[in-house]
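The block underneath contains the structure these notes are about, expressed in structure tokens.
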Amino acid sequence: MNVLRTKSVEESLAETAEPEHRLRKDLTALDLTVFGVGVVIGAGIFTLTGRVARDYAGPGVVISFLIAAFCCALAALCYAEFASTVPVAGSAYTFSYATLGELVAWIIGWDLLLECLLGASVVAQGWSTYFVTFLDQLGVTWPAGLGPDGTFNLAAFVLVALLGALVCYGIKESMRVNLVLVAVKLFIVLFVIVAGIGFIDGGNYAPFVPEAAGTAGAQGGWLHTPLVQSLFGIEPQVYGVLGIVSAASVVFFAYIGFDVVATTAEEARRPQRDLPIGILGSLAICTVLYVAVALVITGMVRYDQIDPDAALAKAFITHGKDGYATLISAGAVAGLTTVVMTLMIGAVRVVFAMARDGLLPEGLAKVNGRTGTPLVISAGITLLVAVVASLTPIGKLEEMVNIGTLAAFALVSLAVPVLRRTRPDLERGFRVPFSPVLPVVASLVCVYLMLNLSGETWLRFGIWMLIGAVVYAVYGYRHSRVGTVARVGGYDPV
């Protein structure tokens, strides 16, 4: 069994010209940047910064965000090189198919599917909570049985259904709606930052790096303990310099999502130029916003008095600005809407790429001539996410999103020097500096962050990967387009 057979870059590019599999090239650098900001900035900006400041780093959480951004940028650079070199739908799945082989590509594609499907479902449930809270603040009561705590989460179902219809209608139309919602979200975030500056007390920044206070080891056995703690006895530190490093491991996950930009590579007008701008530009914007919000929260309220569940809202309430809590809820609703939509688009593009390669039923990859989108896949992803988000208590599985994403980051980073060595002739619109050192460091950082996830998460991840292995063995390997062509002899995408 040749499970490590590769698919050349030329083969991948040739398939994008097939009439029944051709996606429209409608996206600009602005579209891609907004797309990245839309998926990275969510409700976490209003809650995560405060919780990590209180529990790990104090005002030094600002440094934690900068460290996390630097680590995330390592992987982002690798994605930017690949996306500009192989502008084909599928993101890390497509990149690894050309370098590390079919089995690794399948593993990454299966990881990305986990990230996007589970992420969209979890975030849709979170959106319903903010939506109901926002309605309550406006004096409108949502039926309890049809909300986030009911037997059927109607709010989440309606959101996914509407966004799914938009995704089916067209990528450009989806991006226009995304642009509006991201603009609303950024306006509210910037308003909160500017308004909060007036309530900053410089005394709250002292000490900027609180004195170390021991460890924050998890309780409840190996299932609920970070794997690195179970294996090596390394426990998260509280405050001090090591507390800042521990906080960086936590806030790193606030940046996850930029990789979804690469799934739309095939639809970029000028991929060699626009994709690196979209990936790195969105990461830079998000870093500035996270750092600014962290400075505002820790300046408005002393770090050990921050409310971990509603940091910004409670900070303004403390200063007599109760009405700002409604504005913050509106920002969270707009923010999570864009996250759900971009994750659904990412899931559709990953399944599309895998189906076009024959690893999933190839008929799914047919593109509708009017909308320019794979309607069958779009409708299927919408239905799946809607059902999961409205009927299952899936919120506890959110760490699964992180481990799947980090696994893809690690493998893509390693694939960069591989493609440099095997195909030095390819035109690269962007090149990772200091290769192969920087890609290897990026991969090691991702592996370390994976080890910081709980044993329970690793167990669930193993089960998911086992299911994927069965699907690949039963269907994917036998129907692979590359494998079929190899058996017949020669490759003719037309």
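The values are calculated or read from the model by the stated rules, or taken from the named source; none is laboratory data. Owing to the predicted nature of the structure, the values given are computational and were not obtained by experimental measurement. Every residue, glycine among them, receives a Cβ derived from its backbone with ideal geometry; neighbour counts consider all protein chains shown.
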Answer from GLY58, GLY38, GLY50 - the residue that is on the phi > 0 side of the Ramachandran plot and part of a helix (DSSP H, G or I): GLY58
Residue within segment 403-422 that is of a type in the set (S, T, N, Q), part of a helix (DSSP H, G or I), more than 30 Å from THR47 (Cα to Cα) and at pLDDT below 90 present: yes
Residue tally, condition among the charged types (D, E, K, R) and either crowded, with 24+ Cβ neighbours inside 10 Å or modelled with pLDDT of 90 or more (or both), over segment 314-361: 3
Residue within segment 169-178 that is under 27 Å from the mean Cα position of the chain (by Cα), under 29 Å from ALA325 (Cβ atoms) and touching a residue at least 40 places away in the same chain (Cβ under 8 Å) present: yes
Residues satisfying the stated conditions in segment 179-189, i.e. in contact (Cβ under 8 Å) with a residue 24 or more places away in the chain and either of a type in the set (A, V, I, L, M) or farther than 28 Å from TYR290 by Cα (or both): LEU179, LEU181, VAL182, VAL184, LEU186, ILE188, VAL189
Residue under evaluation ASP322, criteria (1) out of contact with any helix residue (DSSP H, G or I) (no Cβ under 7 Å at 6 or more places or on another chain); (2) closer than 26 Å to LEU23 by Cβ; (3) of a type in the set (Asp, Glu), criterion not met: (2)
Wholly enclosed helices (runs of 4 or more DSSP H) of segment 70-176 bearing at least 1 residues surrounded by fewer than 24 Cβ atoms within 10 Å (Cβ to Cβ): 102-137, 154-169
Within segment 224-313, helices (runs of 4 or more DSSP H) holding 3 or more residues that are among the β-branched types (Val, Ile, Thr) and surrounded by fewer than 19 Cβ atoms within 10 Å (Cβ to Cβ): 271-300
Residue within segment 339-362 that is in contact with a Gly (Cβ under 7 Å, 6 or more places away or on another chain) and of a type in the set (Ser, Thr, Tyr) present: yes
Candidate set from segment 191-202 (those that are outside any loop (DSSP other than H, G, I, E, B) and in contact (Cβ under 8 Å) with a residue 60 or more places away in the chain); member that is nearest to ALA325 (Cα to Cα): VAL192
Residues satisfying the stated conditions in segment 402-434, i.e. in contact with a Pro (Cβ under 7 Å, 6 or more places away or on another chain), in contact (Cβ under 8 Å) with a residue 24 or more places away in the chain and within 14 Å of SER96 (Cα to Cα): SER413, LEU414, VAL416
Residue tally, condition touching a residue at least 40 places away in the same chain (Cβ under 8 Å) and closer than 29 Å to ARG176 by Cβ, over segment 1-29: 16
Cross-chain or 6+ apart pairs with Cβ under 8 Å, segment 281-302 first and in contact (Cβ under 8 Å) with a residue 40 or more places away in the chain, then surrounded by fewer than 20 Cβ atoms within 10 Å (Cβ to Cβ) and of a type in the set (Phe, Trp, Tyr): THR298/TYR205; GLY299/PHE199; GLY299/TYR205; MET300/PHE199
Any hit, segment 96-115, residues being within 30 Å of GLU235 (Cα to Cα), in contact with a Ser or Thr (Cβ under 8 Å, 6 or more places away or on another chain) and either without any contact (Cβ under 8 Å) to a residue 40 or more places away in the chain or not aliphatic (A, V, I, L, M) (or both): yes
Only listed residue being farther than 23 Å from LYS366 by Cβ and among the acidic types (Asp, Glu), chosen from GLU173, GLU115, GLU102: GLU115
Residue selected from segment 317-342 under the condition within 19 Å of LEU48 (Cα to Cα) and free of Cβ contacts under 8 Å to residues at least 40 places away in the same chain, by the criterion nearest to the chain's Cα centre (by Cα): ILE317
Top-ranked residue in segment 425-475 [being hydroxyl-bearing (Ser, Thr, Tyr), in a helix (DSSP H, G or I) and farther than 30 Å from PRO276 by Cβ; ranked as modelled with the lowest pLDDT]: THR457
Residues located in segment 27-71, provided they are under 18 Å from PRO436 (Cα atoms) and modelled with pLDDT of 90 or more: PHE70
Any hit, segment 219-237, residues being modelled with pLDDT of 80 or more, under 15 Å from VAL61 (Cβ atoms) and either in contact with a Gly (Cβ under 8 Å, 6 or more places away or on another chain) or hydroxyl-bearing (Ser, Thr, Tyr) (or both): yes
